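Contents: one structure, followed by commentary.
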Amino acid sequence: LLYSAAHFLYSAVYYAWNAPGGDLLSTFPGPLMLRAAQMWPSLAKDWSAPQTFWQTLWNYGPVLHLATFPFLLAPTQTQAMRLILLCDLGLVVATFALWMRLLFPARHHALAWLGVACIWLNYFPLLEAITGREIELLELFFLTVGIWALRREREVTAGLAFGLATMTKFLPVVFIPY
């Protein structure tokens with residue numbers, strides 16, 4: 001568990017804190033919006049802008065843009081990426097806590113909890129998503145909330161969570177038949 005925690009802290013916190021921002025920059029929130037807001041002009045200038053407004057802003061669902069738009073208020077790209085990292089780490093902790101409640105509703109499963117924590121802290125796609133500030137972390141959180149709500153027979157909450165996940169990235173639409 002100590003190695004797992006140290007590995008997570010190095011990869012998801014220390015390394016990510018100093019990384020420029022990863023794949024999120026390809027959709028955050030688009031060169032035309034950056035130019036229109038006159039924020040980060042050097043970054044906006046370096047991006048190749050698509051020809052139309054829709055090609056620029058709607059690569060994902062609208063929740064991506066609603067969730068990331070407040071970060072444009074940060075004075076620099078570095079500060080915005082660090083704020084997004086802190087939010088992503090909060091989402092990871094909240095998602096982990098929900099999964100622990102889903103998998104182990106009783107508190108007497110300490111060894112199982114430690115085992116899942118070790119797997120969670122070393123799961124490479126999760127570390128990669130944190131480092132890249134991927135919006136899929138928000139999508140994973142919404143999907144987890146939806147599953148949690150279904151287990152508690154809260155269909156409206158589940159529907160809202162699955163709807164938000166789908167509007168974040170259109171992939172969760174596969175859950176509609178279920």
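Could you tell me which trypsin sites (Lys or Arg not before Pro) in the stretch 113-174 are loop residues by DSSP with no more than 12 other beta carbons within 10 angstrom of their beta carbon?
Sparse-neighbourhood loop trypsin sites (Lys or Arg not before Pro): Arg152.
Rounded to the nearest 0.05, what FRET efficiency do Leu150 and Arg101 give with R0 = 22 Å and r taken as the Cβ-Cβ distance? Could you check?
The value I calculate is 0.95.
Taking θ as phi - 60°, what are the ³J(HN,Hα) couplings along the stretch 136-150 by the Karplus curve (6.51, -1.76, 1.60), each to the nearest whole Hz, with x for Gly and Pro?
4, 5, 5, 4, 4, 4, 4, 4, 5, 4, x, 5, 4, 5, 5
Does the stretch 89-174 classify as rounded, prolate or oblate by the C-alpha gyration tensor (a ≥ b ≥ c root eigenvalues; a/c under 1.5 gives rounded; else a/b over b/c gives prolate, otherwise oblate)?
oblate
Going through the stretch 137-172, which GluC sites (Glu not before Pro) have at most 10 other Cβ atoms within 10 Å and a DSSP loop state?
The qualifying sites are Glu153.
Coordinate-derived values only; no laboratory data. Since the model is a prediction, treat every value here as computed from it, not as a measurement. Heads up, the Cβs are rebuilt from the backbone with ideal geometry, glycines too, and the neighbour counts pull from every protein chain shown.
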